[in-house]
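Notes follow the structure.
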Amino acid sequence: MSGPLILAVESSCDETGIAVVEGGRRIHANVVASQTALHAATGGIVPEVAARAHLRWIVPVLDEALAGAGVSVADVDAVAVTYGPGLAGSLLVGINFAKTLAFVHDKPLVGVNHLEGHLYAAWLLDPGEAEREAALFPLVALIVSGGHTFLVEMRDHLTYRLFGQTVDDAAGEAFDKVGRLLGLSYPGGPAIQRAAEAATRHDSVFPRAWLGDSYDFSFSGLKTAARRTVDEARAAAGLPVDGRLRAGEDAQLPEAVTAELAWGFQDSVVDVLATKTIRAAEEVDARTIVIGGGVAANAALRARIAGDAEARNIRLNVPRPGLCTDNGAMIGAAAAWRLGAGDLAGLDLDARPSLPLARPEPVAR
Ligand code: KG4
Ligand code: ZN
């Protein structure tokens, strides 16, 4: 393989990730220090706690990544870093770290959009993984994370046409909130998936917000419906009704009931995400569907889109679950294309907490 060797830093939210990636594709090392356990106690992320944890772990994560790849910073062609969107304090830790490395080692600095990173995770290959065909254009990409939910068309690298996005909560945020309602552990996404896998009846039905023929998404109504349904189930089980229950606190619903509710909620989210993605892919004759972001780690979503895409002869490129959630390798993948386009950052690079996906234009319909 050829192409630039990039050292990539990700610290936008609650994972400290550093990777060494070659040619925007081959991972040489990808180390992620997760703060999940740290935030479980509060049932969510406290920004200052997240920033301090990045500060604590970023040097050990770099050491492990360099050792894993068998390189030193002097060997890489560029240093890349996420500069938005994300939590300002968290972003600043990674940006300052990457700037220092670039300055001291006299390397070009590449600023990467975190959302573009989630998209480009679909191009990654693990160390030792056999070559496989890259995504073909035009493609339709669904990005579903804790902070974002959107559907875009790509006709070429680094260009995006927006089909739709969430008008309220992100899909991952809905998973996290409903996980909390059900008294499941943080983060809610993986916990709901596990609970749903134990469901046997599959008879709980949650509403779907189709929003007419729009490609936008809405999850706030679903969240309200989930709260009502959980309250009803708790009342029926003779349990106190309090929407602010946390994992391990107070009496929990019987496991079988929790499983059915988790399944019903997950089924609603998966149905809407998959239906709109497939419809978009058919509308533009997409050759590939790409999915990414933490919620793309969800087994039910992956299976549903895989089946629907196969039935229509559309390729599906989906990163393995560990590359769907935040990591440095995805930033290294996107950075190779940005570097190739001459898109370099200066040492004045600043955090952009609300950075939108680069140059999105609405699809003319
Ligand atoms: O992309 P990500 O790691 O961070 C952001 O950029 O937001 O996404 C985190 C989100 C969380 O809301 C988490 O609950 C969700 O992804 N998630 C999942 C699964 N794994 C992570 N949601 C559903 N099923 C999963 N298996
Ligand atoms: Zn993310």
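The values are calculated or read from the model by the stated rules, or taken from the named source; none is laboratory data. Source: prediction; values computed, not measured. In this analysis, Cβ positions are derived from the backbone assuming ideal geometry, glycine residues included, and neighbour counts consider all displayed protein chains.
Quick check on this structure: which one of Gly332, Gly294 is touching an Asp or Glu at 6+ places or on another chain (Cβ under 9 Å), touching a residue at least 40 places away in the same chain (Cβ under 8 Å) and closer than 27 Å to His202 by Cα?
On the way: Gly332 fails: closer than 27 Å to His202 by Cα.
Exactly one of Gly332, Gly294 is touching an Asp or Glu at 6+ places or on another chain (Cβ under 9 Å), touching a residue at least 40 places away in the same chain (Cβ under 8 Å) and closer than 27 Å to His202 by Cα, namely Gly294.
To keep it simple, each residue is scored yes or no on (1) more than 22 Å from the chain's Cα centre (by Cα); (2) in contact (Cβ under 8 Å) with a residue 40 or more places away in the chain; (3) closer than 14 Å to Gly94 by Cα.
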site	(1), (2), (3)
Gly3	yes, yes, no
Ile6	no, yes, no
Val21	no, yes, no
Ala29	no, yes, no
Ala37	no, no, no
Ala40	no, yes, no
Gly44	no, yes, no
Leu66	yes, yes, no
Ser72	yes, no, no
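Spot the failing condition for Gly172; the list is (1) crowded, with 21+ Cβ neighbours inside 10 Å; (2) touching a strand residue (DSSP E or B) at 6+ places or on another chain (Cβ under 8 Å); (3) outside any helix (DSSP H, G or I), and only one is missed.
(3)
Only residues that are within 16 Å of ligand 1 (Cβ to nearest atom) and surrounded by 18 or more Cβ atoms within 10 Å (Cβ to Cβ): list them for region 153-169, please. Can you show your working first?
First, pick out the residues of region 153-169 that are within 16 Å of ligand 1 (Cβ to nearest atom): 165-166, 168-169.
Scanning region 153-169 gives Gln165, Thr166, Asp169.
Of the residues Arg161, Arg180, Arg132, only one is closer than 17 Å to Ile289 by Cα, modelled with pLDDT under 95 and of a type outside the set (Asp, Glu); which?
That would be Arg132, the only listed residue that is closer than 17 Å to Ile289 by Cα, modelled with pLDDT under 95 and of a type outside the set (Asp, Glu).
Rundown of residues vs (1) modelled with pLDDT under 95; (2) surrounded by fewer than 20 Cβ atoms within 10 Å (Cβ to Cβ); (3) in contact with a His (Cβ under 7 Å, 6 or more places away or on another chain), yes/no style:
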residue	(1), (2), (3)
Ala8	no, no, no
Asp14	yes, no, yes
Asn30	no, no, no
Ala53	no, no, no
Ile58	no, no, no
Ala74	no, yes, yes
Thr82	no, no, yes
Ala88	no, yes, no
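If Leu101 passes every condition in (1) more than 16 Å from ligand 1 (Cβ to nearest atom); (2) among the aliphatic types (A, V, I, L, M); (3) outside any helix (DSSP H, G or I) but one, which one does it miss?
(3)
Among the residues of region 5-22, is any farther than 19 Å from His118 by Cβ, outside any strand (DSSP E or B) and more than 15 Å from ligand 1 (Cβ to nearest atom)?
Checking region 5-22: not a single residue is farther than 19 Å from His118 by Cβ, outside any strand (DSSP E or B) and more than 15 Å from ligand 1 (Cβ to nearest atom).
Residues of region 135-169 being assigned to a loop (DSSP other than H, G, I, E, B) and within 16 Å of ligand 2 (Cβ to nearest atom), which ones? Before you say what the answer is, go through the steps one by one.
Restricting attention to region 135-169, the residues satisfying the condition of being assigned to a loop (DSSP other than H, G, I, E, B) are 135-138, 145-148, 155-159, 167-169.
Those that are assigned to a loop (DSSP other than H, G, I, E, B) and within 16 Å of ligand 2 (Cβ to nearest atom): Ser145, Gly146, Gly147, His148, Asp169.
Give the residue that is farthest from Ala65 (Cα to Cα), with candidates limited to residues of region 323-354 that are touching a strand residue (DSSP E or B) at 6+ places or on another chain (Cβ under 8 Å) and surrounded by fewer than 18 Cβ atoms within 10 Å (Cβ to Cβ).
Ranking the qualifying residues of region 323-354, first place goes to Ser354.
Residue-wise test of (1) within 16 Å of ligand 2 (Cβ to nearest atom); (2) closer than 16 Å to Ala135 by Cα; (3) surrounded by fewer than 23 Cβ atoms within 10 Å (Cβ to Cβ).
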residue: Arg279; (1), (2), (3): no, no, yes
residue: Glu283; (1), (2), (3): no, no, yes
residue: Gly294; (1), (2), (3): yes, no, no
residue: Pro319; (1), (2), (3): yes, yes, no
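Kindly indicate the residue of region 108-142 that is buried (at least 16 other Cβ atoms within 10 Å of the Cβ) and small (Gly, Ala, Ser) and also nearest to Asp350 (Cα to Cα) among those meeting that condition.
Looking at the filtered set, the residue picked out is Gly111.
Ser145 is checked against (1) loosely packed, with under 15 Cβ neighbours inside 10 Å; (2) polar (S, T, N, Q); (3) assigned by TED's automatic domain parsing to the domain that holds Phe219 and fails just one. What number does that condition carry?
Looking at each condition in turn, Ser145 falls short on (1).
Given the conditions (1) surrounded by 21 or more Cβ atoms within 10 Å (Cβ to Cβ); (2) more than 21 Å from Asp168 (Cα to Cα); (3) within 16 Å of ligand 1 (Cβ to nearest atom), which single one is not true for Gly188?
It is condition (2) that Gly188 fails.
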